[in-house]
Amino acid sequence: MKDMKNDSGIRKTFAKFNIQSIILSVLMTLSLVTVTVMGFLLYHRFKLASDKSAVANTEMTVESTIDRLNSSLLDLRQISDAANYNIVQEYDISSQEFTRQFSMLYETNVDKIQSLALYGYDGMLIESEPVATVKDNVKVAEQKWYQDARSEIENIHFSTPHVQNLFDDGTFRYHRVVSLSRSVDINDGSTSGSGVLLVDMKYSVLEDMLERINETSSGIYYYLCSRDGEIIYHPRWTEINRGLFKEKNNKAASYEDGIYEMKTDGQKENIVVGSVAYTGWKLIGVVPESVQETSINKFRYYIITTILILVMMLLQVNRFISRKISRPIRELDESVKAYEAGAMPDIYIGGSAEIRHLGYSVQKSYEQIEALMKEIIQQQTERRKSELDALQSQINPHFLYNTLESITWMIEAQRNKEAVVMISELAKLLRVSLSRGKTIISIGDELQHSRSYMNIQRVRYKERFKVEFLIDEEIKNYCIVKLVIQPLLENAIYYGVGNMDEDDDGQILIRGEKKGEDIYISIEDNGMGMPEDIRSNILTDNSKVPKHGSGVGVINVHSRISLMFGPEYGLEVYSELDEGTKVVIHIPAIPYTKENAEQLEKQTYGQRRMPDEEE
Amino acid sequence: MKKSKFRFMAAEVILFVLTLFFVYKIFNQNVEEPRVAIILPESGDQRWDALIEGMKQSASLNKIHLIICNTDEIEDADVEREAIREQLDNQVDAFIICPSPGSETKEMLENECADIPILLITEDIYDEEQKASGLPVIKPDYYEIGQTLAAHLQEDGQRRIGVVAGWRKSDISDNGVRGLNDALEGTDCEIAWYYYNQKEKKASEMVSVKEKVDAMVVLDPDALVELGEQAENGTYYGAEIYGIGSSVKSIALLDYGYITDIVLLDGYEIGYKSVEEIAEKLNHRFYQLESCNTGVRELDGEELFSDDDMERLLYSYE
């Protein structure tokens, strides 16, 4: 039930649009969906490739930087080995050669190392390069590098970077160094002992290396931390120290070498972890999600621009296609609408086979409808004509019989002159009655017919009543249905003045006049009149009207006029008991011409007038 | 025009406009960073290292292009005006300025930088009636520093004090001295004399002819280093030095025992916050620049390397 309602709703919605809009909408929807999905897939693919490429580049940078770090640390180790095996173990520490060799080793590596120093086990400085004043109040034995060397004498110890707090070199500067310390055997003349050899590598060696890679990588950054997560180098170390930036160095340091995905403040980032030899330090490359933002943004704009251009083009193409498809249907629709509006049935035939077929079918249907319509009209016309003919034929025999009877009676009574007049009037009457089979005659002829009839009747009724014609001359040349006045005169005689004595001054008055576009002909008698119930039914209920004479009542006359001129025309009956009756014929004022008469005969007079009236 | 045709044309026009917009976005990605000029007296001096480091860090994060003007000593508003005009010719978008001494600086800045954001650092400008300029400024609270130094003097039992106050009518000299005086009022400490900077005269030479005192409070960081160096050279007469430091050298002098106590200005924080503030203003036209006080560090020579904190502090001063 619900589905049906939905279907009906959709149908109603579609009904609001024309076929071109519907086709265009469907094509555009399909195009948009396709283009958008393709754009999204392309964007997604590019983003993945871009991320992958960034991570791969970071991995390569981490690997190459680790190689360089390893090399630097190896250098440091080699310096320490050279100092230990080639100098400390070879020479007496009090000898000049020891000092010379010590100094030479420092000079050779001055670009890498800050200082080279040998301490005794009591923490006292034995030798140092460059020669510098030992700072007051410095407790070497409490420093971590020293303690590490003393605690594990067989190992070489790398410290994390720290401020060297040993010498006063007069520069008022502090040097950050990475210390390599080891326990060494000292040869002091005849006695041998042990001490701690310290090689302080300049922190700037590491810093410069890492700064370089950070400067060249936009967005991606690299930092170095110990295996415990203590930061050795970070491009934003000051900010980290001041709590302005947070780094997940502890978590990252716990990872083995590889690529990992981490989430920081809801932001995804990839990290590449690599381990540095000798020290266990970790070099970590961080690829934040936002790193590719600029290139991704640019690509996003490319995609959107491409989609927009495609949509513009598709809108043009789809509009063309929808017009092409819908044009024959619209043409067909237009031609059907034109036909419905009353134009000639010129149905469009064109387009694809289906639409051509539809056009042919519609045209054929309309042709058939036209033919049927004509046939129906013709049949109706014929039916009305035959009905009129039938009505007319009801008059003639009855009247003829009465007249002939009167003539017969006159001849028997030797009233030959009167009989001649009667026959003459009858001839006139028959001439008009026949009228070559016409139904429409001029009012003049109809009045002539009425006069003849009344002359006959006056003879029959021995002139017991008077007849007066008051007719405007102008109406004589207008059309009227023939034999409409005579039945009314007949009724006026039979129901009005026919039974009155000569002294009663019976009178029948026939008036004719034109009022506006209509003509009114009244037949008025001063007879006995009729009751109201009869008067009110006289034009509608034939059964309640008493028949007399020919039996042709006012109903027949009224029907004939209405059938010929339309329902607004016909008779109007006014009557009052003992006063008289007045019957008014109301017809349109149609000039009597051959053409008008013929059109009225064919019942086409009104049809031809219609288009003009619409105009 | 038929309705459907109008709709079609409207859709095409909208799509075309959108396309133009995105094409513009494609070719307009490399938007030039706003340019901010930094005017500091003796811009190459070590005392600005931490401040410039902080500025650079903040600038890289906020996508600001810094122009650090190469200047010598800025002794008055006229010298500073020249530097500002030079940068205005370079079409800079904003200024961060360490104001030159003298109350006329305010008027000069308001005239020269009427249409451009300006932020003062390290010091405010005060008029003859000790009224602050009302310009946005990022600086330490010198009054509090004066009080801190006074507390140190009392702890160490110093009696007669000499004060090297820097430039007269400057933020440091006015507020620092006021803080010092307020804190020492009613104590055993007595301020024997004040020395204010004089043009083309060295503070170390001028104080050597002053009355001997137990301790000197040096509110001017330059004078502090100068006196520390004098002590290192052995030409100093012996009063213990307390003061405001702003460079690694001042820390080293403390470390080597030539200075007794310093209150270290956090130059990094001043630099970082000032660029952050000006970037906010450049990114949001209606943002109002706000003043704020930055932190300081009290350093004692004996406990200098007692924890890792010093390592971290030095890192931002290198």
* To do: Can you run down the residue pairs with Cβ atoms below 8 Å, 6 or more apart or on separate chains, where the first is in the range A:155-166 and farther than 17 Å from A:V205 by Cβ and at the interface with chain B (Cβ under 10 Å from one of its Cβ atoms) and the partner is surrounded by fewer than 20 Cβ atoms within 10 Å (Cβ to Cβ) and basic (K, R)?
  => A:N165/A:K135
* Name the residues in the range A:476-501 that are touching a residue at least 40 places away in the same chain (Cβ under 8 Å) and either surrounded by fewer than 18 Cβ atoms within 10 Å (Cβ to Cβ) or not assigned by TED's automatic domain parsing to the domain that holds A:E579 (or both), would you? -> A:N477, A:Y494
* Within the range B:196-216, is there a residue that is out of contact with any Phe, Trp or Tyr (no Cβ under 8 Å at 6 or more places or on another chain), within 30 Å of A:V134 (Cα to Cα) and at pLDDT 85 or above? -> yes
* Given the conditions (1) within 14 Å of chain A (Cβ to nearest Cβ); (2) in contact (Cβ under 8 Å) with a residue 24 or more places away in the chain, report the number of the one that B:A252 does not fulfil. => (2)
* Got a sec? Which of B:F8, B:F95 is within 10 Å of another protein chain (Cβ to nearest Cβ) and either aliphatic (A, V, I, L, M) or free of Cβ contacts under 8 Å to residues at least 60 places away in the same chain (or both)? -> B:F8
* To do: Return the residue satisfying two criteria in turn: it lies in the range B:265-312 and is of a type in the set (F, W, Y) and more than 21 Å from B:L66 (Cβ to Cβ), and of such residues it is nearest to the other protein chains (Cβ to nearest Cβ).
  => B:F305
* Structure fact -> Only one of (1) touching a Phe, Trp or Tyr at 6+ places or on another chain (Cβ under 7 Å); (2) modelled with pLDDT under 85; (3) within 17 Å of A:I113 (Cβ to Cβ) does not apply to A:V134, and that is (3)
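Quick one: is B:K63 out of contact with any Phe, Trp or Tyr (no Cβ under 7 Å at 6 or more places or on another chain), surrounded by fewer than 14 Cβ atoms within 10 Å (Cβ to Cβ) and within 14 Å of chain A (Cβ to nearest Cβ)? Lay out the reasoning, then the answer.
Details: out of contact with any Phe, Trp or Tyr (no Cβ under 7 Å at 6 or more places or on another chain): yes; surrounded by fewer than 14 Cβ atoms within 10 Å (Cβ to Cβ): yes; within 14 Å of chain A (Cβ to nearest Cβ): yes.
In short, yes.
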* Only one residue in A:K364, A:K282, A:K298 is of a type in the set (D, E, K, R), within 14 Å of another protein chain (Cβ to nearest Cβ) and either exposed (fewer than 12 other Cβ atoms within 10 Å of the Cβ) or over 30 Å from the mean Cα position of the chain (by Cα) (or both), so which one is that? -> A:K298
* Name every residue in the range A:529-559 that is at pLDDT 85 or above and aliphatic (A, V, I, L, M), in order of residue number. => A:M530
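Considering only residues that are facing chain A (nearest Cβ under 7 Å) and either more than 24 Å from B:E280 (Cβ to Cβ) or in contact with a strand residue (DSSP E or B) (Cβ under 7 Å, 6 or more places away or on another chain) (or both), which ones fall in the range B:26-35? Explain how you work it out, then say what you get.
From the range B:26-35, those facing chain A (nearest Cβ under 7 Å) are B:26, B:29; that's our starting set.
Hit for the range B:26-35 is B:I26, nothing else.
Right, A:A277: touching a Cys at 6+ places or on another chain (Cβ under 6 Å) and either touching a residue at least 12 places away in the same chain (Cβ under 8 Å) or within 21 Å of A:G219 (Cβ to Cβ) (or both) or not? Write out each step before concluding.
On the way: touching a Cys at 6+ places or on another chain (Cβ under 6 Å): no; either touching a residue at least 12 places away in the same chain (Cβ under 8 Å) or within 21 Å of A:G219 (Cβ to Cβ) (or both): yes.
Against the criterion (touching a Cys at 6+ places or on another chain (Cβ under 6 Å) and either touching a residue at least 12 places away in the same chain (Cβ under 8 Å) or within 21 Å of A:G219 (Cβ to Cβ) (or both)), A:A277 does not qualify.
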* Among (1) within 30 Å of B:S60 (Cα to Cα); (2) surrounded by 15 or more Cβ atoms within 10 Å (Cβ to Cβ), the one test that A:F167 misses -> (1)
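Name every residue in the range B:123-145 that is β-branched (V, I, T) and either modelled with pLDDT of 90 or more or in the same structural domain as B:A183 (by TED's automatic domain parsing) (or both), in order of residue number. Break it down stepwise before answering.
Residues of the range B:123-145 β-branched (V, I, T): B:125, B:137-138, B:145.
Listed by number, the residues that qualify are B:V137, B:I138, B:I145.
Could you check how many residues of the range B:156-173 are at pLDDT 90 or above and either surrounded by fewer than 16 Cβ atoms within 10 Å (Cβ to Cβ) or in a helix (DSSP H, G or I) (or both)? Give the steps one after another, and end with the answer.
Residues of the range B:156-173 that are at pLDDT 90 or above, as a first pass: B:160-164.
Right, trim to either surrounded by fewer than 16 Cβ atoms within 10 Å (Cβ to Cβ) or in a helix (DSSP H, G or I) (or both) and you get none.
Total meeting the criteria: 0.
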* Asked: Given the conditions (1) over 19 Å from A:H234 (Cβ atoms); (2) within 14 Å of another protein chain (Cβ to nearest Cβ); (3) of a type outside the set (K, R), and given that A:S218 satisfies all but one, which numbered condition is not satisfied?
  -> (1)
* **Condition check for B:K249: at pLDDT 90 or above and basic (K, R)** => no
* Asked: Just wondering, is there one or more residues in the range A:496-507 that are within 23 Å of A:I471 (Cα to Cα) and of a type in the set (S, T, N, Q)?
  -> yes
* Only one of (1) outside any loop (DSSP other than H, G, I, E, B); (2) within 30 Å of A:L332 (Cβ to Cβ); (3) at pLDDT below 90 is not met by A:F17, so which one is it? -> (1)
* Asked: Under 8 Å by Cβ, and 6 or more places apart or on different chains, what pairs join a residue from the range A:191-205 that is without any contact (Cβ under 8 Å) to a residue 60 or more places away in the chain with one that is of a type in the set (F, W, Y) and surrounded by fewer than 21 Cβ atoms within 10 Å (Cβ to Cβ)?
  -> none
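Checking the structure you have, find out if any residue of the range A:307-314 is assigned to a strand (DSSP E or B) and at pLDDT 90 or above.
no
Take the conditions among the polar types (S, T, N, Q), more than 13 Å from every other protein chain (Cβ to nearest Cβ) and over 30 Å from A:K282 (Cα atoms) and apply them to A:S128. Does it pass? So that I can check it myself, show each step before the final result.
Values: among the polar types (S, T, N, Q): yes; more than 13 Å from every other protein chain (Cβ to nearest Cβ): yes; over 30 Å from A:K282 (Cα atoms): yes.
Taking the combined requirement at face value, the residue satisfies it.
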* Quick check: anything in the range B:4-23 in the same structural domain as B:P117 (by TED's automatic domain parsing), β-branched (V, I, T), modelled with pLDDT of 85 or more and buried (at least 16 other Cβ atoms within 10 Å of the Cβ)? -> no
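The values are calculated or read from the model by the stated rules, or taken from the named source; none is laboratory data. Since this is a predicted model, take the numbers as computed values, not measurements. FYI the Cβ positions are ideal-geometry reconstructions off the backbone, even for glycines, and counts take in every protein chain you see.
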